[in-house]
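Report on the structure given below.
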Amino acid sequence: MQIRPAKGTRAVREVFAGPLRITSGPLAATVALANRPAETMLVVVTVGKARVRRAVDRNRIKRVLRHALRSHSVTRPADCSPYVTGMVLVWRSTMPEAGIRMADVRRHMKRLFDKIDAAGQRVPGEDP
């Protein structure tokens, strides 16, 4: 599965229309699901200026989140259900004093995907 940024208002609206909203630590995600595999997963990563003042820190957090998402999607089984077709990741915390650590972000990313898997095998409104 290829991960691409969701560009344009239509793509972002489709992702935000996802039925599942989950959190894990400083991460919140809105996820669009499907019962069928998709070629690409559209992703939006956002860090609010009210939470992290400096642009350098916001950009670092976004880079780390994108990298953690890419590395997690590679290790996730291809036949995993439900299939994630879109995701909006929101960083809801301030910048840690010691900086952001990849190990912490990966742990939260794993929890997010565990919650997605626990949400059920069937997406409401779709036939299997």
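The values are calculated or read from the model by the stated rules, or taken from the named source; none is laboratory data. Since the model is a prediction, treat every value here as computed from it, not as a measurement. Glycine gets a Cβ as well: all are built from the backbone with ideal geometry, and neighbour counts include every protein chain shown.
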Quiz item: Can you pull out the residues in the stretch 20-49 that are under 16 Å from L69 (Cα atoms) and of a type in the set (G, A, S)?
Solution: S24, G25, A28, A29, A32
Exercise. Scan (1) more than 16 Å from P96 (Cα to Cα); (2) loosely packed, with under 15 Cβ neighbours inside 10 Å; (3) among the small types (G, A, S) for the single condition A50 breaks and write down its number.
Key: (1)
Quiz prompt | Residue check, A34 surrounded by 12 or more Cβ atoms within 10 Å (Cβ to Cβ), modelled with pLDDT of 85 or more and touching a strand residue (DSSP E or B) at 6+ places or on another chain (Cβ under 7 Å) | solution = no
Quiz item: (1) modelled with pLDDT of 85 or more; (2) more than 17 Å from H72 (Cβ to Cβ): which one isn't true of V43, the others all being true?
Solution: (2)
Quiz prompt | Which numbered condition L65 fails, given (1) at pLDDT below 90; (2) surrounded by 13 or more Cβ atoms within 10 Å (Cβ to Cβ); (3) hydrophobic (A, V, I, L, M, F, W, C) | solution = (1)
Quiz item: Among the residues of the stretch 73-91, which ones are surrounded by fewer than 22 Cβ atoms within 10 Å (Cβ to Cβ) and either modelled with pLDDT under 80 or small (G, A, S) (or both)?
Solution: S73, V74, T75, R76, P77, A78, D79, C80, S81, P82, Y83
Quiz item: Looking at the stretch 38-52, is at least one residue farther than 16 Å from V90 by Cα and not in a loop (DSSP other than H, G, I, E, B)?
Solution: yes
